[in-house]
1. Across segment 122-173, what is the total count of residues that are of a type in the set (Ser, Thr, Tyr) and out of contact with any helix residue (DSSP H, G or I) (no Cβ under 8 Å at 6 or more places or on another chain)?
2. Tell me which helices (runs of 4 or more DSSP H) are completely within segment 70-164 and hold 1 or more residues being among the β-branched types (Val, Ile, Thr), or say none if there are none.
3. Against the condition outside any helix (DSSP H, G or I), at pLDDT 95 or above and crowded, with 20+ Cβ neighbours inside 10 Å, how does PHE189 come out, does it pass?
4. Suppose we filter segment 148-167 for residues that are among the small types (Gly, Ala, Ser) and in contact with a strand residue (DSSP E or B) (Cβ under 7 Å, 6 or more places away or on another chain); how many remain?
5. Check whether at least one residue in segment 110-120 is within 24 Å of PHE84 (Cα to Cα), over 23 Å from the mean Cα position of the chain (by Cα) and either surrounded by 15 or more Cβ atoms within 10 Å (Cβ to Cβ) or among the basic types (Lys, Arg) (or both), and report yes or no.
6. So how many residues does segment 9-50 have that are farther than 27 Å from ILE188 by Cβ and in a strand (DSSP E or B)?
7. Just one of (1) surrounded by 22 or more Cβ atoms within 10 Å (Cβ to Cβ); (2) in contact with a Phe, Trp or Tyr (Cβ under 8 Å, 6 or more places away or on another chain) trips up THR203, so point out which.
8. Kindly indicate which of LEU105, LEU99 is more than 15 Å from the chain's Cα centre (by Cα), closer than 21 Å to GLN151 by Cα and at pLDDT 95 or above.
Amino acid sequence: MAPTLISVKKLVKTYKMGDTEVHALRGVSLDINNGDFTAIMGASGSGKSTFMNIIGCLDKPTTGEYYLDGIDALKMNRNELAEFRNQKIGFIFQSFNILARTSALENVELPLVYNNKVGAKERRERAMKALTSVGLATRVYNMPNQLSGGQQQRVAIARALINDPRVIMADEPTGNLDSRTSYEIMDIFQQLNDKGITIVMVTHEPDIALFAKDNIVFRDGSIISNSKVPERKTATEELKKLPAPTLDETK
C-alpha cells in the first residue's frame, strides 16, 4: 500500500455565529495516500470546503489531528505553516486567482519570488518548464486578457506545479469552464496523477468526479461515502466523443 500522505483524525470545526454554534465538521477521519486522485463532493454547507481549508493549511480545526507528509501541521505557528504550505501544496481555484497585469510566465514565477534559495534564472527556467507541461509553451508572455478561461486555468495549474508540491488541491477547478475545456483540464490532472502527483479536488459536478480514482461525499459535516470510482472516465477518450472544436475554441 502507498504511504499515507494526508491523515486526519476526528476533525471537529465549530463556528460561533452570535449565540449559535455551527458544526461544520463532526469528527472527520480520513487517510489519503501518495498517488491518490480524490474528488470531494457534497452540497453547500456539507463541510467539504471547511475540510479542504484545513488540509490546505489555510484554517485549523477546533479539535482533532492533521498530519501532512508525516508532519503535525497543527503544531506550527503562522510563519512555519506558510512556508510548509508553500513547499508541500499547490493550490488551484475556480476563479484562477492569477494577476491581471502580469504575464503568464510572471504569474507562474510568483511562488518562487520570495524564495532566497532560487535565483532569477532558475525561477524563469522552472516557470517555462511548468507552462510547457500544461501546453502553454507558446503563450508564456501573454497577459491574462489574451488567454481563454481554459488557458488561464492552465496558468494556475503551472503555478501550482512550480514548487514540485507533494499534493495539488483544486477547489472547483472546472466550475467556470465549458465541457471541452473541463475535460482538457481533467486530462492534465490525470497526466500529472499518472506521474505520481497526489490530487485532491472539490467538485459539485458528478461527471467531473468520475475522472478521479476515489469519491468522498460529505453531508452535515460528516463523510457519508468513501468509495473507488467503479467506471473511471479517461479524459482523452471523453474528448474524442465531443464535436470538433470551432476555430474560436482553438485560439
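The values are calculated or read from the model by the stated rules, or taken from the named source; none is laboratory data. Predicted model only: the values in this text are computed from it and were never measured. A quick note on method: Cβ atoms are made from the backbone with ideal geometry, for glycine too, and the neighbour counts reach across all protein chains shown.
1. Counting residues in segment 122-173 that are of a type in the set (Ser, Thr, Tyr) and out of contact with any helix residue (DSSP H, G or I) (no Cβ under 8 Å at 6 or more places or on another chain) gives 2.
2. Hits in segment 70-164: 104-109, 120-133, 149-161.
3. In short, no.
4. 2
5. yes
6. The number of residues fulfilling the criteria is 19.
7. (2)
8. LEU105
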